[in-house]
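Worksheet: one structure, shown below.
Bear in mind these aren't lab numbers, they're just calculated from the coordinates by the rules spelled out. Treat the numbers as computed from the prediction; the structure is a model and nothing was measured. Here the Cβ positions follow ideal geometry from the backbone for every residue, glycine too, while neighbour counts run over all protein chains shown.
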Amino acid sequence: MLKEIKVVFMGTPEFSVNILKSLIENTSVIGVVTQPDKMVGRKKELVYPRIKEVALENNILVFQPRNIKEEYQNILDLNPDMIITCAYGQIIPKEILDYPKYGCINVHASLLPKLRGGAPIHHAIIDGYKETGITIMYMDTHMDSGDIISQEKIEILETDTYQTLHDKLSILGSSLLIKTLPSILNNTNQRIKQDINEVTFGYNITRDEELIDFKKTMDEVYNKIRGLTQTPGSYFYLNNKIVKVYESFKVSDSTYQDKQLGEIVKVDKKGIYIKVKDGLIKITEIMMEGKKRMPVASFLNGNKENLVGLIANLGEFNEK
């Protein structure tokens, strides 16, 4: 029965690729809507979304409206039975939401009503959540506020980063969607109203929010660093230069209680140790401004000036 359902899929980032692939395998995907191609890098090379690649590889029609509120007629002309979205990136107009026979369905990477918004995976880690998951929901005119159809939980491990949790949730989302579709088609699914008293938000991360505040606790700093790996990356300033941080560890050590919060108290080939509220954060992978991403050990190896430079500026960082 699923193979007879004509589906238009709307999505953009890597997270939505698994969902689209599952739909191609199990339904009849007649169109894909994604964001416009972008010019990236110093050479301004034209790059298009990974979702577009998957669609073209499967000979599926692709639409890339710059403003979907004004450019949606081509989508309606396909006469889809269902529209499924996952991290598309634009607000979808009511004309589209009201059109399909079986409605517009969204795959969202949180346990709604928790973490509505465009960066739920980042915030689940940064905000110290112990679990998150996938919600399949009916869409309405407000952001992530529609009725819940199904949910599945996943534990957030102490070792999870944005990337590992992203990959787990992408796989979970594709499987839960396919398990949920028959109940939508048979009209046996649940429609659970979201409790507005339980709403939290996971809005897109701003540049200012990427800056690490070493005056906070080990957990807070550690969660921010791993919650922003791989993208967009957290950072601090050293001698007015940006240092991006990609890996860190918590170190319970009371040796440096007399040091200032945010001070570099030790540097060796295992890492850069920075004083925080209740211990140390050991940074083990960085990218200095103008350099490549690398382990601290590689950064310091055979380059005595780097080590001397860091030690000479203990505590003199995080001030632009």
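Radius of gyration (Cα atoms) of region 36-194, expressed as a multiple of 2.2 N^0.38 Å: 1.11. Evaluated with a Cβ-only charge set (Lys, Arg +1; Asp, Glu -1), region 185-230 carries a dipole of roughly 160 debye about its Cα centre, given to the nearest 20. Restricting region 154-221 to chymotrypsin sites (Phe, Trp or Tyr not before Pro) that sit in a DSSP loop and have at most 16 other Cβ atoms within 10 Å of their own Cβ leaves Y203.
Within the listed set E220, E131, E45, the Gaussian network model of the chain (springs between alpha-carbon atoms below 10 Å) gives the highest mean-square fluctuation for E45.
Decide, for region 123-208, between rounded, prolate and oblate: order the square roots of the alpha carbon gyration tensor eigenvalues as a ≥ b ≥ c, take rounded if a/c falls under 1.5, and otherwise choose prolate if a/b is larger than b/c, else oblate. Oblate, because a/c is 1.5 or more while a/b does not exceed b/c. Taking other residues whose beta carbon is less than 11 angstrom from the beta carbon of L157, and scoring Lys, Arg as +1 and Asp, Glu as -1, yields -1. Shape analysis of region 208-312 yields a ratio of the Cα radius of gyration to the Kirkwood radius, Rg/Rh, of 0.93. Highest GNM mean-square fluctuation among T12, T164, T206, for the chain modelled with Cα contacts below 10 Å: T206.
Over all alpha-carbon pairs in region 165-231, figure out the percentage whose distance exceeds 13 Å. I get 78 percent for the Cα pairs in region 165-231 exceeding 13 Å. For region 1-45, the residue among V17, I30, V40 whose Cα projects farthest onto the positive side of the dipole built from Cβ charges is V40. Between R66, R42, R50, the residue with the greatest mean-square fluctuation in the GNM of the chain (Cα pairs under 10 Å linked by springs) is R42.
Distance between the C-alpha centres of region 196-250 and region 65-126: 28 Å, rounded to the whole angstrom.
Over 31 Å apart at the Cα level, from the set K21/K44; K43/K168; K43/K241; K44/K216; K44/K101; K224/K259, are K43/K168; K44/K216; K44/K101. Dipole magnitude for region 208-312: computed about the Cα centre from +1 point charges on Lys and Arg Cβ and -1 point charges on Asp and Glu Cβ, it is near 320 debye. Take every Cα pair under 8 Å whose residues are at least 6 apart in sequence, average their separation, divide by the length of the chain, and the relative contact order is 13 percent. Rounded to two decimals, the Cα radius of gyration of region 67-159 over 2.2 N^0.38 Å is 1.20. Each residue in K266, K38, K224 was given a count of other beta-carbon atoms within 10 angstrom of its own, and listing them fewest first yields K38, K266, K224. Filter the trypsin sites (Lys or Arg not before Pro) in region 160-217 to those in DSSP coil with at most 14 other Cβ atoms within 10 Å of their Cβ, and list the result. Filter output for region 160-217: R191, K193, R207, K215. Estimated from helical segments only, the mean residue ellipticity of the chain at 222 nm is -7500 deg cm²/dmol, where each DSSP H run of four or more residues counts as -39500 (n - 2.57).
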